[in-house]
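The values are calculated or read from the model by the stated rules, or taken from the named source; none is laboratory data. Since the model is a prediction, treat every value here as computed from it, not as a measurement. All Cβ positions, glycine included, derive from the backbone under ideal geometry; neighbour counts span all protein chains shown. The protein model used for the area step is the full one, side chains on, heavy atoms only, and it has no ligands, DNA or RNA in it. Shrake-Rupley method; radii C 1.70, N 1.55, O 1.52, S 1.80 Å.
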Amino acid sequence: MEDTNVWVAIAADSTVGFVAVKLDSESRMGEIYMVAVDPDFQGNGIGTALMEFVLIATALSLST
(Lines give C-alpha, C1' and ligand atoms only; values in the text may rest on other atoms or scores of the structure.)
Protein backbone atom coordinates (compact mmCIF):
# COMPACT_ATOMS: atom_id res chain seq x y z
CA MET A 1 0.00 0.00 0.00
CA GLU A 2 1.42 3.37 -1.01
CA ASP A 3 0.72 6.58 0.89
CA THR A 4 1.81 10.11 0.06
CA ASN A 5 2.65 12.49 2.89
CA VAL A 6 3.25 16.21 2.48
CA TRP A 7 4.92 18.52 4.99
CA VAL A 8 5.07 22.29 4.62
CA ALA A 9 7.42 25.01 5.82
CA ILE A 10 5.73 28.18 7.03
CA ALA A 11 7.32 31.59 7.55
CA ALA A 12 5.60 34.90 8.13
CA ASP A 13 2.19 33.13 8.09
CA SER A 14 2.79 31.88 4.53
CA THR A 15 3.71 28.53 3.05
CA VAL A 16 7.26 28.93 1.78
CA GLY A 17 8.12 25.34 0.93
CA PHE A 18 6.97 21.76 0.94
CA VAL A 19 8.17 18.20 0.55
CA ALA A 20 6.09 15.23 -0.61
CA VAL A 21 7.07 11.65 0.12
CA LYS A 22 5.59 8.41 -1.17
CA LEU A 23 5.79 5.58 1.34
CA ASP A 24 5.25 1.93 0.50
CA SER A 25 4.57 0.02 3.71
CA GLU A 26 4.81 -3.38 2.00
CA SER A 27 8.32 -2.87 0.63
CA ARG A 28 9.23 -0.55 3.52
CA MET A 29 10.63 2.00 1.07
CA GLY A 30 10.06 5.68 0.58
CA GLU A 31 10.60 8.11 -2.27
CA ILE A 32 10.99 11.86 -2.03
CA TYR A 33 8.50 12.77 -4.72
CA MET A 34 8.77 16.56 -4.70
CA VAL A 35 10.54 19.30 -2.78
CA ALA A 36 10.11 22.99 -3.46
CA VAL A 37 10.95 26.30 -1.82
CA ASP A 38 9.54 29.69 -2.78
CA PRO A 39 12.27 31.54 -4.75
CA ASP A 40 12.00 34.51 -2.37
CA PHE A 41 12.99 32.22 0.52
CA GLN A 42 15.66 30.10 -1.15
CA GLY A 43 19.15 30.17 0.32
CA ASN A 44 17.87 30.28 3.90
CA GLY A 45 18.13 26.58 4.71
CA ILE A 46 14.44 25.80 4.28
CA GLY A 47 15.02 23.05 1.70
CA THR A 48 17.74 21.53 3.87
CA ALA A 49 15.48 21.60 6.93
CA LEU A 50 12.64 19.97 4.98
CA MET A 51 14.94 17.22 3.72
CA GLU A 52 16.42 16.55 7.16
CA PHE A 53 12.95 16.42 8.70
CA VAL A 54 11.51 14.10 6.08
CA LEU A 55 14.42 11.67 6.30
CA ILE A 56 13.83 11.27 10.04
CA ALA A 57 10.03 11.15 9.72
CA THR A 58 10.21 8.57 6.94
CA ALA A 59 12.66 6.37 8.82
CA LEU A 60 10.43 6.43 11.90
CA SER A 61 7.32 5.72 9.86
CA LEU A 62 8.83 2.77 8.01
CA SER A 63 10.43 1.26 11.11
CA THR A 64 7.11 0.49 12.81
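Report, to the nearest whole %, how much of the accessible area of the chain belongs to carbon and sulfur atoms, 1.4 Å probe, protein only. Before the final figure, lay out the partial values.
Working: 2490 of 4450 Å².
Carbon and sulfur atoms account for 56 percent of the accessible area of the chain.
Compute the angle between helix 46-63 and the longest alpha-carbon principal axis of the chain, please, reported from 0 to 90 degrees and rounded to the nearest 10.
The angle comes out near 20 degrees.
Expected output is a single nm value to one decimal: the length gained when fully extending between THR4 and ALA36, i.e. 0.36 nm times separation in residues minus the C-alpha distance. What is it?
Details: separation 32, 0.36 × 32 = 11.52 nm, distance 1.57 nm.
Taking THR4 through ALA36 to full extension adds about 9.9 nm, to one decimal.
So what is the accessible area of the chain per residue, in Å², with the probe set to 1.4 Å? Before the final figure, lay out each step's value.
Values: 4450 Å² over 64 residues.
Using a 1.4 Å probe on heavy atoms only, each residue of the chain averages 70 Å².
How much length, in nm to one decimal, is gained on full extension between ASP24 and ALA57, taken as 0.36 nm per residue of separation minus their Cα-Cα distance?
On the way: separation 33, 0.36 × 33 = 11.88 nm, distance 1.39 nm.
Extra length available between ASP24 and ALA57 comes to 10.5 nm.
Using only the alpha-carbon atoms of the chain as identical scatterers, what base-10 log of I(q)/I(0) does the Debye formula give at q = 0.14, 0.19, 0.23, 0.26 Å⁻¹?
Listed by q, the Debye log ratios stand at -0.41, -0.68, -0.89, -1.05.
Of all GluC sites (Glu not before Pro) in the chain, which ones are in loop regions per DSSP and have a Cβ with at most 12 other Cβ atoms within 10 Å?
Values: sites: GLU2, GLU26, GLU31, GLU52; in loops: GLU26.
Counting only loop positions with at most 12 other Cβ atoms within 10 Å, the GluC sites (Glu not before Pro) in the chain are GLU26.
I want the local charge near VAL21. Using Cβ-Cβ distances under 10 Å, sum +1 for each Lys or Arg and -1 for each Asp or Glu among the other residues.
So the environment of VAL21 carries a net charge of -1.
222 nm [θ] for the chain, helices only, -39500 (n - 2.57) per DSSP H run of 4+, per residue, to 500? Could the numbers behind the result be given before it?
Values: 1 runs with 18 residues, N = 64.
Computed ellipticity for the chain at 222 nm equals -9500 deg cm²/dmol.
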